[in-house]
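Note sheet for the following structure.
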Amino acid sequence: MNIRKFMVSITFVFATLFCSSVFAMSNEARSQFNTIMNMSLEQLGQSSSKLLKEKYPDADWDIYKFPRYVYNDLETENAYKVAVKHHKLLGLVNVSDESVVIPCYCTCDSFGHNNLLYCFYKNGNPDKGFDDHGSQCAVCIRQALLAFLWEDLGATHDEIMVGMKEKFAPLIEKYHQHEH
């Protein structure tokens, strides 16, 4: 095992141990958290659709004037809806500190994305209009939907980050992003 793999393995062992003491959620919520982590993209789309309808039954989504690419599929549409209703969950403009924001685990940091919000908004700024990257990337879509569903369970930012790091460990290792 090379040193990088060893360090990633050790990081996740400590994260798992830390996680058991950090998780403020009940055992039932924690079980649901893990169930959500293992959902297919289609299942995430269905679950997030249901939750968006529950949370925003009277939402007039037309006011957001989503570009055509947002309607590629249910999962993409829901990810952009999460971005408009929960943009602070995904990130903040000009912030890359993962103790505050969710980094994106695709390779978009290589073209200036500081956090997950940049995948859905130009320059990570809701006032600048939508970015199409989020519509073309299953990783970005999955991360937005996971964060939304986990937050609804009562997960804290730290808990969401532990889940993201566990779920996307192979991408983190492969692309050497967000060194730990």
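Tabulated results
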| item | result |
| --- | --- |
| Which numbered condition Y175 fails, given (1) hydroxyl-bearing (S, T, Y); (2) under 15 Å from V82 (Cβ atoms); (3) surrounded by fewer than 18 Cβ atoms within 10 Å (Cβ to Cβ) | (2) |
| Extreme residue, farthest from L44 (Cα to Cα), among residues of the range 139-168 that are of a type in the set (G, A, S) and touching a Ser or Thr at 6+ places or on another chain (Cβ under 9 Å) | G154 |
| Only listed residue being at pLDDT 95 or above, assigned to a loop (DSSP other than H, G, I, E, B) and surrounded by 16 or more Cβ atoms within 10 Å (Cβ to Cβ), chosen from M39, M25 | M39 |
| Residue list for the range 65-86, filter: more than 17 Å from S49 (Cα to Cα), assigned to a helix (DSSP H, G or I) and touching a residue at least 12 places away in the same chain (Cβ under 8 Å) | Y69 |
| Residue count, the range 87-97 (criterion: surrounded by fewer than 16 Cβ atoms within 10 Å (Cβ to Cβ) and not in a helix (DSSP H, G or I)) | 3 |
| The range 42-62 residues that are under 15 Å from T76 (Cβ atoms), paired with ones that are not hydrophobic (A, V, I, L, M, F, W, C) (beta carbon under 6 Å, 6 or more apart) | G45/E75; G45/N78; S48/N78; S49/N78; L52/K81 |
| 2 or more residues at pLDDT 95 or above and not polar (S, T, N, Q): qualifying helices (runs of 4 or more DSSP H) within the range 104-180 | 133-136, 138-153, 157-167 |
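The values are calculated or read from the model by the stated rules, or taken from the named source; none is laboratory data. The structure presented is a predicted model; accordingly, all values stated were derived computationally and were not measured. All Cβ positions, glycine included, derive from the backbone under ideal geometry; neighbour counts span all protein chains shown.
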